[in-house]
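First the structure, in the form of structure tokens, and then the observations on it.
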Amino acid sequence: MFPVLGGGSVQAARLLALRCAVLVEAVRGRKSRTDPVAKSKEGRIKVPPPVDPAEMVVLKDRYSEYQLLTRALRLEFKEEVLRKKYEEETGSLAEERARQEAEEHRALMAWNNQENLRLLKLRIQRIRAEEEEAERRQQEAAVKREREQQEFIREREREILQLQEDAKNFITMENLDQRIQDALDNPKNYNFAVDREGRVVKQTTLR
């Protein structure tokens, strides 16, 4: 067992440590280091407080014991940490950890397989829905094309019938004399003016 320092000894050791520490003189902002000494402090001689030699010896011995104690505790803690680390890497704790990691890996793999199966079902459903939608659109497009084709055919038939009807009034070599005679017998006056409503408001007379 290491010796335990009493409250007074610990306080004395702290005081000794503070005395051994490097003290830096505080510098106030309104006075620089190059300023001269104040007139009230000229000739002042700083005398350190008196030290009892017997007390200094006791404090030094106890401070040495304190350093030995803290060093021993530090080494003990370090040894314990290293021992735990070694047991975790090569001892029973490592086996337990490996077993836990294996179980966790199996659980994660099982969950991964279930998740993959669920996503596969969702993907199959989505692909089927997309295929059905594509097929429906193709059918609608085919029906639309068929309707447009039928409408195109009917429009061309109407144009053909109209052309056949208009062809009856065409001027040919056979009816040329007759059409000329009809134009002379029924003259038409195209010299007229119309208003905004399309009514004839002024027209010249034929001579």
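The values are calculated or read from the model by the stated rules, or taken from the named source; none is laboratory data. Everything quoted here is computed from the prediction, not taken from an experiment. Please note: Cβ atoms are built from the backbone with ideal geometry, for glycine as well, and neighbour counts cover all protein chains shown. The protein model used for the area step is the full one, side chains on, heavy atoms only, and it has no ligands, DNA or RNA in it. Shrake-Rupley method; radii C 1.70, N 1.55, O 1.52, S 1.80 Å.
Is there a residue being assigned to a loop (DSSP other than H, G, I, E, B), in contact (Cβ under 8 Å) with a residue 12 or more places away in the chain and exposed (fewer than 10 other Cβ atoms within 10 Å of the Cβ) anywhere in region 168-184?
First, pick out the residues of region 168-184 that are assigned to a loop (DSSP other than H, G, I, E, B): 168-175.
Then drop every residue that is not in contact (Cβ under 8 Å) with a residue 12 or more places away in the chain, which leaves none.
Checked region 168-184: no residue is assigned to a loop (DSSP other than H, G, I, E, B), in contact (Cβ under 8 Å) with a residue 12 or more places away in the chain and exposed (fewer than 10 other Cβ atoms within 10 Å of the Cβ).
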- From the list E96, E131, pick out the single residue that is under 44 Å from the mean Cα position of the chain (by Cα), among the acidic types (D, E) and open to solvent by less than 100 Å² (accessible area, probe 1.4 Å). E96
- Message: Name the single residue that is nearest to E88 (Cα to Cα) among those in region 109-122 being open to solvent by 100 Å² or more (accessible area, probe 1.4 Å) and not polar (S, T, N, Q).
- Response: W111
- Filter result for R44 (over 30 Å from A94 (Cβ atoms) and open to solvent by 100 Å² or more (accessible area, probe 1.4 Å)): yes
- Query: So which pairs qualify, if the first residue must be in region 45-68 and among the hydrophobic types (A, V, I, L, M, F, W, C), the second must be part of a helix (DSSP H, G or I), the Cβ gap must be under 9 Å, and the two must be at least 6 apart or on different chains?
  - Reply: M56/L16; V58/S9; V58/A12; L59/S9; L59/A12; L59/A13; L59/L15; L59/L16
- Task: Could you check, for region 50-70, whether at least one of its residues is part of a loop (DSSP other than H, G, I, E, B), at pLDDT 55 or above and either under 30 Å from E101 (Cα atoms) or open to solvent by 90 Å² or more (accessible area, probe 1.4 Å) (or both)?
- Result: yes
